[in-house]
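Here's the structure, in structure tokens; my notes come after.
The values are calculated or read from the model by the stated rules, or taken from the named source; none is laboratory data. These numbers were taken from a predicted model, which means no experiment stands behind them. Heads up, the Cβs are rebuilt from the backbone with ideal geometry, glycines too, and the neighbour counts pull from every protein chain shown.
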Amino acid sequence: MADRLIPLARARRAVSFLLLAGALAAAGCTKKEERMYFDGKYYPIKARASDKADRKTFTVSVRRADQGLAGAREAGRYGGKQYCLKNYGTSEIRWIVGPDTPQSALGYSGGRLALSGTCVLW
């Protein structure tokens, strides 16, 4: 009887792992109908704190920026505002390297645009 329980426990563990992996994979995807488009194109954005000790300062990474820099800049602006709204309830940003920065000073390489700023609190 104990010999039958070992394969069953392994099977349950494997199924649990697969369900968890599937849930995590689905959580990272944006549904097509919920995507934001800039200049008619989709630019995946990710905003995160630059330093865990000071979460007000953040960076925004915009992928597929080689589709068009103007759309990528606006996607970065949107990502920054979303980050500040979610974490602090404000959309005011003091940009360090922002969407209005001259092209020569932008952090752009490999099809990615990197912007950084600080959420302004009242």
### Task
For the stretch 91-109, state whether one or more residues are touching a strand residue (DSSP E or B) at 6+ places or on another chain (Cβ under 6 Å) and of a type in the set (Ser, Thr, Tyr).
no
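Could you run through the stretch 73-105 and say how many residues are closer than 21 Å to Tyr37 by Cβ and assigned to a loop (DSSP other than H, G, I, E, B)? Let's see the steps before the verdict.
The initial filter retains those residues of the stretch 73-105 that are closer than 21 Å to Tyr37 by Cβ, namely 73-83, 85-86, 91, 98-100.
Keeping just the survivors that are assigned to a loop (DSSP other than H, G, I, E, B) gives 91, 98-100.
Here the count works out to 4.
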### Summary
A careful count of residues in the stretch 21-68 that are assigned to a helix (DSSP H, G or I) and either at pLDDT 90 or above or basic (Lys, Arg) (or both) gives 4
### Task
Test each condition in (1) surrounded by 15 or more Cβ atoms within 10 Å (Cβ to Cβ); (2) under 15 Å from Ile45 (Cα atoms); (3) more than 17 Å from the chain's Cα centre (by Cα) for Gly79 and report the one that comes out false.
(3)
### Query
Does Ala65 satisfy being among the small types (Gly, Ala, Ser), out of contact with any Gly (no Cβ under 8 Å at 6 or more places or on another chain) and in contact (Cβ under 8 Å) with a residue 40 or more places away in the chain?
no
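Can you find a residue in the stretch 69-84 that is farther than 23 Å from Gly110 by Cβ and at pLDDT below 95?
To start, the set of residues in the stretch 69-84 that are farther than 23 Å from Gly110 by Cβ comprises 81-82, 84.
Narrowing further to those that are at pLDDT below 95: none.
Within the stretch 69-84 (the criterion being farther than 23 Å from Gly110 by Cβ and at pLDDT below 95), the answer is no, since none of the residues qualifies.
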